[in-house]
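Read the figures in this text as sums done on the coordinates, not as results from a lab. Because the structure is predicted, anything quoted here is derived from the model rather than measured. Backbone-built Cβ (ideal geometry, glycine too); neighbour counts: all protein chains shown.
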Amino acid sequence: MSTSTVDAAAEGILLRQVAYARSGDKGDTSNVIVIPYDERNYEWLRQHLTVEFVRTLFDKVVKGPIIRYEFRGICGLNFVMQRALEGGVSRSLNLDAHGKSRSNLILGMRIKADPPPAGLRLP
Amino acid sequence: MSTAQNKSVRIGCGSGYGDDLIELAVDMADRGQVEYLCMDALAERTLMLAQLRRVDNPDLGYDLRLEEVAHELLPMADKRKVKIVSNMGAANPGAAGRYLSQKAKEQGLKNTRVAVISGDNVRDWVDANNPVLSETGRPLSELPGRLVSANAYIGCEKIVEALGLGATVVIGGRIADPSLFVGPLVHHFGWSQDNWAQMGFATMVGHLLECGCYVTGGNFADPPYLVVPSFNRPSLPFADVDASGRAVLGKLPDTDGVLSVETCKEQLGYEIHDPANYLTPDVNANFTDVKIQAVNGGVAAFGATGLARPDTLKVLVGVDEGFIGEGQVSFAGLGALDRALLAQDIVKNRVEAIRRKGTIDEIRYDLLGVNGIHGDMSPMPKDAYEVHLRVTARSRDKKIAAAVAHAVEYVQIFGPSGTAGHRRSVKPQLTTYTCFIPRSAIKQSVEIL
């Protein structure tokens, strides 16, 4: 218990321990919805998974604005990123032209927060 | 046909994308006890591919699975009295409808009546009006590429009309994905198409079902965090839809995958932007307060609402932008990454020579296994046991695209040691742009064959 708290404070909590995600495309716009396993962690996510923080990860590929929308009913945070898919599915030369693996990218983010949220899933 | 305002109806998904398994649709028609089977077959990519097929042969351009649909699905749907609604007409709904109608007659399917919905093809309007494109903010005519196609996303109106006329198979082109489900629900319950709350709810049902297996365990497993016990036998989803605004999703018995609160939540947010303003041809839907709950026998979804539908419709404009040449070579064993980087340098030099012969509009170098998908966001390792160099280039000149692809392949002859396999291709590039068309400029029609 104390060991994992120390680790979490030093490295941050892996988003994948708190939430799951799915990403999709419309034209050159990518969206990634992030949903906590436990709805009680929604407020924690809202507080820490900000547009500014997500921007630090996606800044190299997202040329337009990033907007965060809230799916209140299901406790989901939806990040909508414009000019994000190198022209979109019909034009992008990227193997992942739909950006479907952007969800896996965001789940690798580490959030430094004290106290960490309750009910983390696996290390 | 009656528009019996029953309290509840079961509506099934028969296809979630353009290459979905028709056997799953047959299974749903056979065992699902559904009244309607709605089959989405189109996305931006698949519509462009269909347009390319129609360019090659004006009699084609419909879904490639139509022969299988005619021989495997139509007889089962006829037998079980399941009505089919689909956008499998793709780039050529008329030809698709004629084909299915003829096959139904040949097989003596007495209950089958095919209706074709036309009107999504708005190429003439786009040609005449030179609209401003959303992507560039400039008129279409300023693009160097040639206009190939223009299809408006159309809604449920003509599906409702066709079902009212007694059609059992309704086939169209770029009917919006959720509208394929909204149409049967509006027909069945006798709903008014300007009751925006009901249209918002019906759109939620369509949105949750339209991607097929994405709600029954596909695009979900991420072990050990998210586990799907078995993928052996897929099932498309269905929903028992209650007129009061509640739907319970389910999948077929004795199938694998998983349908859970988590899969439904993921699908609710899939490819949606602002949940309070999900614009479709039918409604401005609001999913902000949609709740997903586990219930006996499935997962319930409710709480959607909506506002008046938009006055304009989104149009997918297909523009010929030449060709994409692609070449790939693989390396394995000690020093694979260094050899792949050496190969990349060799190709870059050859590409400079190719550029002197013609224009490359865009080129991309990827080291698959290292940084081929997340690019600069990937951590760069010191070495990798296997690396796959992939080079892709877009050019209006087919010879230039082909030359880049060949330059990659040639690495196996004059390049680093141990080139472990190579492949190359040249494909036409039809790019999707978007614009908006006033509703009044669209002329939709239904034809019963």
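Brief remarks on what is shown
- Partner aspartates and glutamates whose Cα lies under 16 Å from the Cα of A:Lys100, excluding those fewer than 8 positions away in the same chain, are identified as A:Asp25, A:Asp28, A:Glu86, B:Glu44, B:Asp222, B:Glu266, B:Glu271.
- Annotation: the residues B:Phe436, A:Phe71, sorted from fewest to most other C-beta atoms within 10 Å of their own C-beta, follow the order B:Phe436, A:Phe71.
- Separation in nanometres of the label points that stand 7 Å from Cα toward Cβ, at B:Arg31 and B:Thr359: 5.6 nm
- If both residues of a DSSP beta bridge must be in chain B, then about 85% of such bridges are antiparallel.
- Dipole-positive endmost among B:Met204, A:Val62, B:Gly183 within the protein assembly as shown (Cβ charges, Cα centre): A:Val62
- Once the chain from B:Glu106 to B:Asp397 is taken as fully extended at 0.36 nm per residue, the excess over their C-alpha distance is 100.2 nm.
- The slack between B:Asp256 and B:Lys427, meaning 0.36 nm per residue of separation minus the straight C-alpha distance, is 57.9 nm.
- Between helix B:398-409 and chain B: long-axis angle, C-alpha atoms, 0 to 90°, nearest 10: 60 degrees
- Annotation: lysines with alpha-carbon distance below 16 angstrom to B:Lys103 (same-chain offsets under eight excluded): B:Lys79.
- Taking every DSSP bridge with both residues inside the protein assembly as shown, close to 85 percent are antiparallel.
- For the stretch B:320-433, lysine pairs separated by 8 or more sequence positions, or belonging to different chains, with Cα-Cα distances below 18 Å total 6.
- Per-residue Cβ neighbour counts within 10 Å put B:Thr312, B:Thr263, B:Thr305 in the sequence B:Thr312, B:Thr305, B:Thr263, beginning with the fewest.
- Relative contact order of chain B: 17 percent, from C-alpha pairs under 8 Å at least 6 residues apart in sequence.
- Residue order for B:Arg138, B:Arg350, A:Arg46, fewest other beta carbons within 10 angstrom first, comes to B:Arg138, A:Arg46, B:Arg350.
- Distance between the 7 Å Cα→Cβ label points at B:Ala294 and B:Asp56: 4.8 nm.
- Relative contact order of the stretch B:320-433, taken over Cα pairs closer than 8 Å and 6 or more residues apart, is 48 percent.
- Shape of the protein assembly as shown, Cα gyration tensor, a/c cut at 1.5: oblate
- Over the protein assembly as shown: helical MRE at 222 nm, DSSP H runs n ≥ 4 each giving -39500 (n - 2.57), nearest 500: -8000 deg cm²/dmol
- Using the Cβ-Cβ distance between A:Asn104 and A:Arg46 with R0 set to 22 Å, the FRET efficiency from 1/(1 + (r/R0)^6) comes to roughly 0.50.
- Summarising the label geometry, the points placed 7 Å from Cα in the beta-carbon direction at B:Glu67 and B:Ser445 lie 3.1 nm from one another.
- Reach of A:Lys63 by Cα under 17 Å, taken over lysines that are not fewer than 8 positions away in the same chain: A:Lys26
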